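The values are calculated or read from the model by the stated rules, or taken from the named source; none is laboratory data. Only a predicted model underlies this, so the values are computations on that prediction, with no experimental measurement involved. With ideal geometry, Cβ positions are generated from the backbone for all residues, glycine too; neighbour counts draw on all protein chains shown. Surface areas here come from the heavy atoms of the whole protein model, side chains and all, with no ligands, DNA or RNA. Shrake-Rupley method; radii C 1.70, N 1.55, O 1.52, S 1.80 Å.
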Amino acid sequence: MSSTTDGIAAGSHAPGGAAPRLDADAVRADFPVLARRLAGDRPLVYLDSGATAQKPQVVIDAESSFYETLNAAVHRGAHQLADEATQLYEAARETVAGFVGAQPDEIVWTKNATEGLNLVAYSFINATAGRGGRAAQRFALSAGDEIVVTEAEHHANLVPWQEVAAHTGATLRWLTLTEDGRIDPASLDIVTDRTRIVAFTHAQNVTGAVTDVAPIVARAKEVGAYTVLDACQSVPHLPVDLGALGVDFAAFSSHKMLGPTGVGALYGRRELLADLPPFLTGGSMVEVVTMESTTFMPPPARFEAGSQMIAQVVGMAKAAEYLTTLGMDAVAAHEAEIAALLLDAVRSVPGVRLLGPDTTDSRLATVAFDVDGVHPHDVGQVLDARGVAVRVGHHCAQPIHRHFGVHASTRASAGPYTTPDDVAAFAAALAEVRPFFGLEA
Ligand SMILES: Cc1ncc(COP(=O)(O)O)c(C=O)c1O
């Protein structure tokens, strides 16, 4: 391993100019919780990073150091601590913006990706209700307008658009899926000049399928529709440049990218955020308040009402720095190797059906499957008894499960700290599931 001064395991460059390689054992050592032993003194095999990622020591330290050395509210006080906290908070915005190819004033802090997606959705509702003045009218919707989502969406990027349709009279339509669960490019012809919004996932949280963003953005631009990208699963695992992707809005969560819970970010193109009416209102986002009315600050402050989650913002920026030090190309290359191993593991066990693409192309190391004759909760318990942590259930994505003809599944999902040994332990445990229930191996 190579190590930076603050203990970050850095990606090392392979000879011959190949992509940098990541030393997963060294990375693993940066994550204190991964040293735990459980289930009868077995090493923890954490394959639930798609739900939430583990945190490296530098992130934990960044958060606690904020409280130990300068805890103060931002953009409010006249004292030194408040000033230092504000500087740190805004420096974090610059770091996270840089991490995703955005400008700092295009990044709004939110509680998580869900809140970011709701912020955009409710802006359309508010604009339709006449809020936000003339500038916001570009976001007003009416009957006859269409909102296009996909059957691959996490509920966080589906339910808010159902709400928008219910509030505005617009019609919800959706792109369908190929047999292996990718967004079907052939269904793009439902995007027409009636379409006002196209909201879609960058990386699917059940199948790990990575969306080819370019044709969807190109089609949306052709018809003058706004694009909203759910980047919650892509930003932690792939190099993502939102500016280059050309989307209008995007949302992601800190806790999935090795950062703290309680914070996420909404990206919005500067000129769009400028015209967007506020979502949450109250302190810290206003200019002049009288008893009758209020004028609002420019973005991003307009969208950051109330006291902010400053320690978490600082921790999220540290997570972005940590990932940058590993190198997102190295992270993606490592996780592609893990994806291949996970796919082999699932394929090798009789009675196990993969849900999603049977290839390492354009996919994350997120692999969902169905074990014939065994409910996913039972699968999860057998694996847990062997120290293997996976996610079971519908993963907040019921429509894509319906597409595969199941109600629920078991999902193994990796992070930069996942090692081939983790996958071997998972494979061994998975092979024991059907025999445990007296079914043929
Ligand atoms: C693809 C995707 N979108 C959105 C979300 C919502 O993220 P959060 O719960 O952090 O708001 C998740 C979380 O699982 C997700 O996987």
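Worth a mention:
- Within the range 60-82, the set of residues being part of a helix (DSSP H, G or I), charged (D, E, K, R) and exposed (fewer than 15 other Cβ atoms within 10 Å of the Cβ) comprises Glu68 only.
- Filter pass, Ile216 being modelled with pLDDT of 95 or more, of a type in the set (Val, Ile, Thr) and farther than 27 Å from Ala336 by Cβ: no
- When the range 101-127 is limited to residues that are part of a loop (DSSP other than H, G, I, E, B) and within 16 Å of the ligand (Cβ to nearest atom), the one that is most open to solvent (accessible area, probe 1.4 Å) turns out to be Lys111.
- Any hit, the range 41-59, residues being more than 17 Å from Tyr267 (Cβ to Cβ), part of a helix (DSSP H, G or I) and open to solvent by 70 Å² or more (accessible area, probe 1.4 Å): yes
- Selection within the range 290-299 - outside any loop (DSSP other than H, G, I, E, B) and either surrounded by 12 or more Cβ atoms within 10 Å (Cβ to Cβ) or not assigned by TED's automatic domain parsing to the domain that holds Ala73 (or both): Thr294, Phe296
- Pair list, Cβ < 7 Å and 6+ apart or interchain, from the range 193-213 residues that are in the same structural domain as Arg173 (by TED's automatic domain parsing) and more than 16 Å from the ligand (Cβ to nearest atom) to residues that are in a strand (DSSP E or B) and acidic (Asp, Glu): Arg194/Asp145; Arg194/Glu146; Thr195/Glu146; Arg196/Asp145; Arg196/Glu146
- Phe249 open to solvent by less than 10 Å² (accessible area, probe 1.4 Å), assigned by TED's automatic domain parsing to the domain that holds Gln137, within 13 Å of the ligand (Cβ to nearest atom) and not β-branched (Val, Ile, Thr): no
- Options Ala385, Ala441, Ala431: the member that is small (Gly, Ala, Ser) and under 27 Å from Phe31 (Cα atoms): Ala385
- Options Glu146, Glu179; residue that is buried (at least 21 other Cβ atoms within 10 Å of the Cβ), without any contact (Cβ under 8 Å) to a residue 60 or more places away in the chain and over 21 Å from the mean Cα position of the chain (by Cα): Glu146
- Residues in the range 21-40 that are assigned to a helix (DSSP H, G or I), touching a residue at least 60 places away in the same chain (Cβ under 8 Å) and open to solvent by 70 Å² or more (accessible area, probe 1.4 Å): Asp25 alone.
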